[in-house]
Amino acid sequence: MNDEQTGIIINGETKLYGIIGNPVSHSFSPEMQTLAFQHVGLNAIYVPFPIQDKSIPHLLKAFSITGVRGFNVTVPFKEIIIPYLDELSSEAKILGSVNTVIGTSEGWKGYSTDGSGFVRSLSESGIAVSGKDVMLVGAGGAARSIALSLCLGGIRRLHILNRTVSKAEKLADTILRAAPNVQVRIGSDSTEPYDILINSTSVGMHGHSCPVSDDLIRKCGLIVDIIYNPPQTSLLKKAVQNGIPQENGLGMLLYQGVEAFEIWTGKKAPIEVMKTSLSNSVRRMS
Ligand code: ATR
């Protein structure tokens, strides 16, 4: 089939990629990655696989048999999948978490592209992280991968602020082992200024709550919220009101997918095609 409206080709040569998770019905990746594959001339599609955790070993066998080339992993399998993989990237090994898997001649290799996607999104906006002082709000899965990539990217100081202090401590330990040159501290607001403040919590996704004080906001040079729906959280509104540059989470979402695409295909991702697809998906959702 060559759909004249979409230009998408599906025939006996079509290769398969996908995303495993539960739920996966909300994922924007099937459309974004399928359009990207076909835009660069790859005869491939990307589909969702809603699964149960006991299915993972069977699914990997089925993927090998049917020639699935690679897939994304989302909640709740990012950690559960690790024992079933044959190799991990250094970041995935440190984090104990995987969101992208490629089939190689040696087996399945897992990567974590959330944090590297975050850093690449900043760098594509002209913001280098090297030497920066960063306040990271949150210490969950997203925070862990962002923190590691920022520290491997050479930030100077990382201050972690999280509701549950023990999780901030655990993240600080991970970072100190992986990037001993970074100054890491945890705890409540400080009087110091920050080059970048990042909200990685879900605060602001619903309603009008803001995860940090107005005083802290005013001390930051750039504010990034990894939430993309709503596109402007209360935190980002306050940044605008104070004349502080701000970014929402669409960039991270885009570039984690861009990095996955490049791992799978070895080709440069068609970033504009992927960005348009994501923007359309977000618009349809809101
Ligand atoms: P994700 O994979 O999206 O990072 P997660 O691992 O569940 O999701 O982490 C959610 C983060 O948001 C955590 O830092 C969590 O704080 P706790 O570690 O204290 O649970 C934070 N978070 C969620 N709801 C919050 C709230 N109402 N107030 C403050 N922090 C909140």
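Output the residue which, of all residues in segment 197-236 that are in a strand (DSSP E or B) and either within 18 Å of the chain's Cα centre (by Cα) or among the aromatic types (Phe, Trp, Tyr) (or both), is farthest from the ligand (Cβ to nearest atom). Looking at the filtered set, the residue picked out is Ile223. With respect to Ile146, determine if the residue is surrounded by 14 or more Cβ atoms within 10 Å (Cβ to Cβ) and over 16 Å from the mean Cα position of the chain (by Cα). No; evaluated as a whole, the condition is false for this residue.
Residues that are farther than 30 Å from Ser27 by Cα and modelled with pLDDT under 95 are absent from segment 146-155 altogether. For segment 63-82, indicate whether the set of residues that are within 15 Å of Ile175 (Cβ to Cβ) and part of a helix (DSSP H, G or I) is non-empty. Scanning segment 63-82, I find no residue that is within 15 Å of Ile175 (Cβ to Cβ) and part of a helix (DSSP H, G or I), so the answer is no. With respect to the conditions (1) more than 16 Å from the ligand (Cβ to nearest atom); (2) more than 19 Å from Ser29 (Cβ to Cβ), Gly96 falls short on a single one, namely (1). Once segment 9-43 is narrowed to residues that are in a strand (DSSP E or B) and at pLDDT 95 or above, the residue that is farthest from Pro57 (Cα to Cα) is Lys15.
Counting only strands (runs of 3 or more DSSP E) that fall entirely inside segment 85-195 and contain at least 2 residues that are without any contact (Cβ under 8 Å) to a residue 40 or more places away in the chain, the qualifying elements are 100-104, 107-111, 157-161, 183-186.
Residues of segment 68-83 that are away from the ligand (no atom under 16 Å from the Cβ) and closer than 17 Å to Phe49 by Cα: Val68, Arg69, Gly70, Phe71.
Considering every residue within segment 259-271, establish whether at least one is in contact with a strand residue (DSSP E or B) (Cβ under 6 Å, 6 or more places away or on another chain), surrounded by 23 or more Cβ atoms within 10 Å (Cβ to Cβ) and free of Cβ contacts under 8 Å to residues at least 60 places away in the same chain. No: segment 259-271 contains no residue that is in contact with a strand residue (DSSP E or B) (Cβ under 6 Å, 6 or more places away or on another chain), surrounded by 23 or more Cβ atoms within 10 Å (Cβ to Cβ) and free of Cβ contacts under 8 Å to residues at least 60 places away in the same chain.
The values are calculated or read from the model by the stated rules, or taken from the named source; none is laboratory data. Everything numeric here is computed off the predicted structure, so don't read it as measured data. Cβ atoms come from the backbone with ideal geometry, glycine included; neighbour counts cover every protein chain shown.
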